[in-house]
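Right, one structure below, let's go through it.
The values are calculated or read from the model by the stated rules, or taken from the named source; none is laboratory data. What you see is a predicted model, and the numbers here were worked out from it, not measured in a lab. Neighbour counts are summed over all protein chains in view; Cβ atoms, including those assigned to glycine, are modelled from backbone coordinates with ideal geometry.
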Amino acid sequence: MNTGKGHIELAGIGKSYDDGASFAVQGINLKIPDGSYCCFLGPSGCGKSTILRMIAGHEDPTEGKILIGGENVVGLAPVERRTAMMFQSYALFPHLSVRDNIAFALRVRGLSVKDRNAKADEMIEKVHLGEFANRLPGQLSGGQQQRVALARAAITEPRVLLLDEPLSALDEHLRIQMRAELRRMQKDLGITFIHVTHTQMEAIALSDIVVVMDKGHIRQAGSARDIYSAPRDRYVAEFIGGQNVLSGRISDIDKGTARLGGDTFGQIVVPLPEGHRKSKGEKLDIAIRRDDVDLRPVAAQPDLPPSATSIVGRVQAIEYQGNYVKVQIDAAENDDFVSFMPERKFYEAGLTVGDAVLAVWDIQHTQLLA
Amino acid sequence: MSPGRNLVGWLNVTPLLLVLIPFFVIPICVVLAVSFVETDGFGGLYPVFTLDNYAMLFRSDLTLRLYAATLKFTLLTLLFTSVIGFWVAYFLVFHVRSKLIAMGLFLVCTVPFWTSNIVRMISWIPLLGKEGLINTGLQGVGIINEPLEFLLFSSFSVVVAYVHQLTIFMIVPIFNSMARIDKSVVEAALDAGASRLDIMRMIILPMSRSGIALGAIFVTSIVMGDFFVVKVMSGGGTASVVGAFYEDVGVLQYPTAAASAIVLTLVVMLLVAAILRVVDIRKEITQ
């Protein structure tokens with residue numbers, strides 16, 4: 001086991017209220033290696049911020065252990081854990097200049113004015129705020145405030161940096177810019193970053209590890225690619241997006257494949273893993289990536305290779321996205337069934353709303369959901 | 001700017017002007033005018049311009065002593081009300097978890113005001129008097145043999161009455177400015193390793209400055225302009241600026257009383273200006 005200084009292990013932690021009558025999180029088990037970028041992803045109220053605050057030491061778990069660098073930190077003050085937190089609204093001290101904000105942690109540690117200003121100025125240069133050192137936070141833009149918050153958290157040389165929705169207060173353009181800056185900062189500092197967000201693309205773009213949460217539980221934890229291309233269950237598939245989720249009943253099983261029938265689509269073929277325990281008549285949820293779905297004329301059905309499966313539907317809506325086109329088909333009753341068609345291919349096919357089409361995908365690209 | 005907008009602006013300030021002009025500006029102007037005329041000594045005024053009223057005021061040693069006494073009460077009252085007010089507000093905002101209980105306790109702070117000022121002052125007598133609760137208690141336990149004389153009808157009892165009466169004027173604005181401090185700012189300080197004392201000293205105190213300044217303005221102007229509390233609680237042993245010119249009015253010396261009133265108004269304005277110089281309330285509130 002890696003017990004590097006910023007290695008974090010959450011061992012069965014839970015936080016309940018009113019003697020267990022309600023809980024914020026429950027049974028959280030997770031290992032985060034030292035120096036990795038980890039994102040907790042989930043809708044508001046899923047408990048992701050509670051976990052962050054428990055790691056930071058601003059809340060105590062009611063059960064379980066939090067190990068940082070192999071040492072249980074439950075009950076320790078934030079400063080003893082050597083973690084630093086960047087707050088959602090940045091929580092800058094409004095009455096202190098940028099330099100004094102950044103030097104605050106050094107001031108309470110008793111460093112002389114000269115020493116702490118020298119260190120703070122070094123950090124100010126790192127985040128490119130040189131000309132703003134004497135301004136008050138209220139005189140800075142959102143992006144500048146965020147950099148002050150980051151510098152203030154990083155100045156104590158923590159082993160773990162905790163970020164609570166760090167980009168939510170910024171506009172779209174700045175968010176993408178600051179996203180890259182966060183990643184660069186993490187590489188520079190070489191410490192563990194734990195980042196809480198409700199934006200899927202943010203988590204996928206930044207993280208080494210994405211942790212998808214729902215109602216106080218971890219649904220899936222893994223690399224961004226695992227989460228995106230192999231969601232474990234319907235919740236993860238739908239929350240991450242980019243997937244078509246279909247529900248059906250198994251009508252026939254044949255070696256490595258099964259035939260699945262649904263209310264709104266005909267028979268499709270799905271792969272079954274070795275040693276599966278599926279039987280005829282059982283319900284099954286599957287996911288197919290939207291960019292794996294190709295649209296062809298209905299007449300092409302007999303010519304499909306045996307490795308492909310298809311459903312028939314009508315084009316419901318078309319949305320131009322630039323490098324691809326989002327085509328929605330009425331194949332799944334409650335859920336969207338969408339194909340992301342490459343832009344050139346879409347215009348070669350010349351589809352319009354109301355056209356009958358054949359949605360085709362490779363059987364092996366199907367993901368079975370738990 | 002269009003004339004329409006101008007008109008709306010004037011309409012907006014009209015109610016305030018309707019109150020301020022007849023009830024504040026005109027009386028002040030009358031007092032100002034009276035302070036520059038002569039009197040026959042029996043309440044009659046001669047419309048003759050003179051500076052004698054002011055000259056008399058500035059030549060008298062009494063004036064200086066009166067201001068020294070009143071300023072002493074003001075500073076002592078400011079000190080105690082701001083310390084007590086800060087602690088009470090701090091406790092209510094940062095230590096009482098439930099908002100409901102905090103509001104309840106806040107209302108409790110106003111309970112003394114449910115009765116008249118005179119009743120409140122008189123009720124100090126059975127507590128602080130020679131045969132009052134404190135003296136008999138201390139004598140009973142055997143800590144003192146003679147009753148403590150300084151407790152009632154002294155400068156001590158004047159300050160006690162002022163603090164009792166005016167602490168609420170500190171609590172309310174300090175409570176208000178503390179309540180606007182984002183809790184995550186306090187957490188951020190904690191995260192940086194600050195102790196409770198550090199947080200109070202470096203974060204909460206500077207962020208409550210506007211509240212303390214507002215409270216200080218209330219307390220200063222009330223104590224400077226008071227004569228009643230001093231008169232009752234000192235047992236007539238201590239004079240005050242207002243007390244002195246109130247006596248002038250009693251013996252029909254209107255012009256000298258008016259001159260004293262104008263000087264006092266200027267002094268209070270200077271004090272308020274000094275407070276505003278230390279804390280830019282307007283900037284702090286809009287921040």
Task: Test: residue in region B:203-210 that is over 30 Å from A:VAL79 (Cα atoms) and either more than 14 Å from chain A (Cβ to nearest Cβ) or touching a residue at least 24 places away in the same chain (Cβ under 8 Å) (or both) - done: yes
Open item on the list: Please go through region A:119-138 and give me each residue that is part of a loop (DSSP other than H, G, I, E, B) and either surrounded by 13 or more Cβ atoms within 10 Å (Cβ to Cβ) or of a type in the set (D, E, K, R) (or both), ordered by number.
Closed with: A:VAL127, A:LEU129, A:ALA133, A:ARG135, A:LEU136
- [ ] Taking the options A:ALA153, A:ALA205, A:ALA169, name whichever one is in contact (Cβ under 8 Å) with a residue 24 or more places away in the chain, over 30 Å from A:ASP291 (Cα atoms), part of a helix (DSSP H, G or I) and not assigned by TED's automatic domain parsing to the domain that holds A:TYR324.
- [x] A:ALA153
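Scan A:VAL74, A:VAL79 and give me the residue that is more than 14 Å from chain B (Cβ to nearest Cβ), over 21 Å from the mean Cα position of the chain (by Cα) and not basic (Lys, Arg). Working first, answer last.
Numbers: A:VAL79 fails: more than 14 Å from chain B (Cβ to nearest Cβ).
Result of the check over A:VAL74, A:VAL79: A:VAL74.
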Task: Extreme residue, farthest from B:THR220 (Cα to Cα), among residues of region B:143-186 that are assigned to a loop (DSSP other than H, G, I, E, B) and within 14 Å of chain A (Cβ to nearest Cβ) - done: B:ASP182
Task: Conditions (1) farther than 30 Å from A:ALA287 by Cβ; (2) at pLDDT 90 or above; number of the one not met by A:HIS195 - done: (1)
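Condition (residue is in a loop (DSSP other than H, G, I, E, B), under 20 Å from the mean Cα position of the chain (by Cα) and over 24 Å from A:MET178 (Cβ atoms)) applied to region A:100-118: is it met by at least one residue?
Within region A:100-118, the first condition is being in a loop (DSSP other than H, G, I, E, B), and the residues that meet it are A:109-112.
Okay, now just the ones that are also under 20 Å from the mean Cα position of the chain (by Cα), so none.
Scanning region A:100-118, I find no residue that is in a loop (DSSP other than H, G, I, E, B), under 20 Å from the mean Cα position of the chain (by Cα) and over 24 Å from A:MET178 (Cβ atoms), so the answer is no.
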Open item on the list: Can you confirm whether B:ILE217 is aliphatic (A, V, I, L, M), within 14 Å of another protein chain (Cβ to nearest Cβ) and farther than 30 Å from B:GLY129 by Cβ?
Closed with: no
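Residue-by-condition table, conditions (1) touching a residue at least 12 places away in the same chain (Cβ under 8 Å); (2) surrounded by fewer than 17 Cβ atoms within 10 Å (Cβ to Cβ); (3) at positive phi:
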| site | (1), (2), (3) |
| --- | --- |
| B:SER35 | yes, no, no |
| B:PHE49 | yes, yes, no |
| B:LEU76 | yes, no, no |
| B:PHE80 | yes, no, no |
| B:TYR90 | yes, no, no |
| B:SER98 | no, yes, no |
| B:PHE113 | yes, yes, no |
| B:PRO126 | no, yes, no |
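Looking at B:GLY85, B:GLY140 in this structure, which one is closer than 19 Å to B:GLY211 by Cα and small (Gly, Ala, Ser)?
Details: B:GLY140 fails: closer than 19 Å to B:GLY211 by Cα.
Being closer than 19 Å to B:GLY211 by Cα and small (Gly, Ala, Ser) holds for just one of B:GLY85, B:GLY140, which is B:GLY85.
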Open item on the list: Exactly one condition in (1) touching a Leu at 6+ places or on another chain (Cβ under 7 Å); (2) surrounded by fewer than 18 Cβ atoms within 10 Å (Cβ to Cβ); (3) not assigned by TED's automatic domain parsing to the domain that holds A:PHE340 is false for A:ALA230; which is it?
Closed with: (1)
- [ ] Kindly indicate whether any position in region A:131-144 is in contact with a helix residue (DSSP H, G or I) (Cβ under 6 Å, 6 or more places away or on another chain), among the charged types (D, E, K, R), within 14 Å of chain B (Cβ to nearest Cβ) and within 29 Å of B:LEU190 (Cβ to Cβ).
- [x] yes
Task: Residue tally, condition more than 9 Å from chain B (Cβ to nearest Cβ) and among the hydroxyl-bearing types (Ser, Thr, Tyr), over region A:82-104 - done: 1
- [ ] With the checklist (1) under 30 Å from A:LYS278 (Cβ atoms); (2) touching a residue at least 24 places away in the same chain (Cβ under 8 Å) in hand, flag the one item A:GLN328 doesn't pass.
- [x] (2)
